[in-house]
């Protein structure tokens, strides 16, 4: 059944629209075509989750049709809306009725019912909004899971809200709250979805750039790995979304076809539960008569359930999804900072490519924020261990920044292509340290151990290892035994990080 509830439909649609706005603001070409292309590109690049990807396809279809005309008449709107519906349906391999696909189709049908009667564009859009509301209210009768929960479809509701916003902007008005009752009903679904039995737990998303990929063939290869699959874009720039229990296989398949970016992997059930708990905690906190002394908030960027859990246990207040190959935006980090009740906030970017975005946040927020410039997860662990809740933000910034200065970080991953010098072949394991490939090999554990040996100096005392989602328990046990037998003088701390991309992340002190 499509779609499986992600528990964050509204958030995903919001981020998609924010990306649209961002790209539109950059347009230097004053032509309508230039603006429409920017809107389409922004929606594809910013799409998140089922709802975001489908929304990007609705936007793509609408913009492609509008490009054909010189003026924005009612007839243009009617044709554009129908094309938006068609493109969205085509993107979904097994569409289900009672979802946002049904709502966009009903809105297109409503528009077509007014074709040829001389209706003005504003009146047409107003009629579409009202018919969209009715369609949303019908969704529980089309999708059993909605009826059982007593809610309406969140994605369809989102489409109506966006259209309402468009209408209000054209009229020079503010959006009213008359349709807020549906939002309350949707909130019930966000929580009830957590309790549903979900066969495929990891929502996996990424952008794939290549010289050209057969999208149908890619779909066929991805289909056995999960459900809720979407493969959209062009053969050269593809957004992939799939719910799977094997995100590592999805990533390996994609990297074999080109370069990947914007990788996001989330545990659907755990993220939903965490959101519900956080919202409950914030609600309880907001009801207190005074906030009192709530100390310094800490925001960290990370990926992998195991890594996130360790960071939270070390005192991190909020996690921003991101890391290698999936750098979050300044806006993502800013949102996390502003959401905290603390006035003083420390930010740990945990990746060299994210430090600058984190530093920009300190200039954009009204809070007293500072960046502890960590460039890896092992550095973050050491910095957090140096945090002192009784000290000021400035004192902690200084102490934590000094604490991780001597931490050495290594990573083990695999080669996506043959080395031109012949040092390694595609799919060989490679060990990275200090910005260089230090070890290579056909076997994961021996390559990892060789990298550790390369990283060690005589004065080193401790070794922290995070096992990625691609690594099984037997491999973890083998590596642990090898290190214990050959390097007994080291204090070894090994955990499941469940991070993507890297089979092992290694910290040495």
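The values are calculated or read from the model by the stated rules, or taken from the named source; none is laboratory data. Keep in mind it's a predicted model, so treat the numbers as computed, not measured. Using ideal geometry, Cβ is built from the backbone for each residue, glycine included, and neighbour counts are taken over all protein chains shown.
Taking the criterion of being in contact with a helix residue (DSSP H, G or I) (Cβ under 8 Å, 6 or more places away or on another chain), in contact (Cβ under 8 Å) with a residue 24 or more places away in the chain and either surrounded by fewer than 18 Cβ atoms within 10 Å (Cβ to Cβ) or in the same structural domain as residue 498 (by TED's automatic domain parsing) (or both), the only residue of the range 376-391 that qualifies is 385. Scanning the range 392-446 for residues that are in contact with a helix residue (DSSP H, G or I) (Cβ under 7 Å, 6 or more places away or on another chain) and over 25 Å from residue 498 (Cα atoms) gives 400, 403.
Residues checked against (1) more than 24 Å from residue 151 (Cα to Cα); (2) in contact with a helix residue (DSSP H, G or I) (Cβ under 7 Å, 6 or more places away or on another chain); (3) assigned to a helix (DSSP H, G or I):
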residue	(1), (2), (3)
21	yes, no, yes
30	yes, no, no
38	yes, yes, yes
53	no, no, yes
59	yes, yes, yes
69	yes, yes, no
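All of 356, 397 fail the test of being without any contact (Cβ under 8 Å) to a residue 24 or more places away in the chain and not in a loop (DSSP other than H, G, I, E, B), apart from 356. Just one of (1) more than 21 Å from residue 216 (Cα to Cα); (2) part of a helix (DSSP H, G or I) trips up residue 98, so point out which. Every condition holds for residue 98 apart from (2). In the range 429-509, counting only strands (runs of 3 or more DSSP E) that sit wholly within it, the ones holding 2 or more residues that are closer than 18 Å to residue 381 by Cα span 462-467, 491-496, 504-508.
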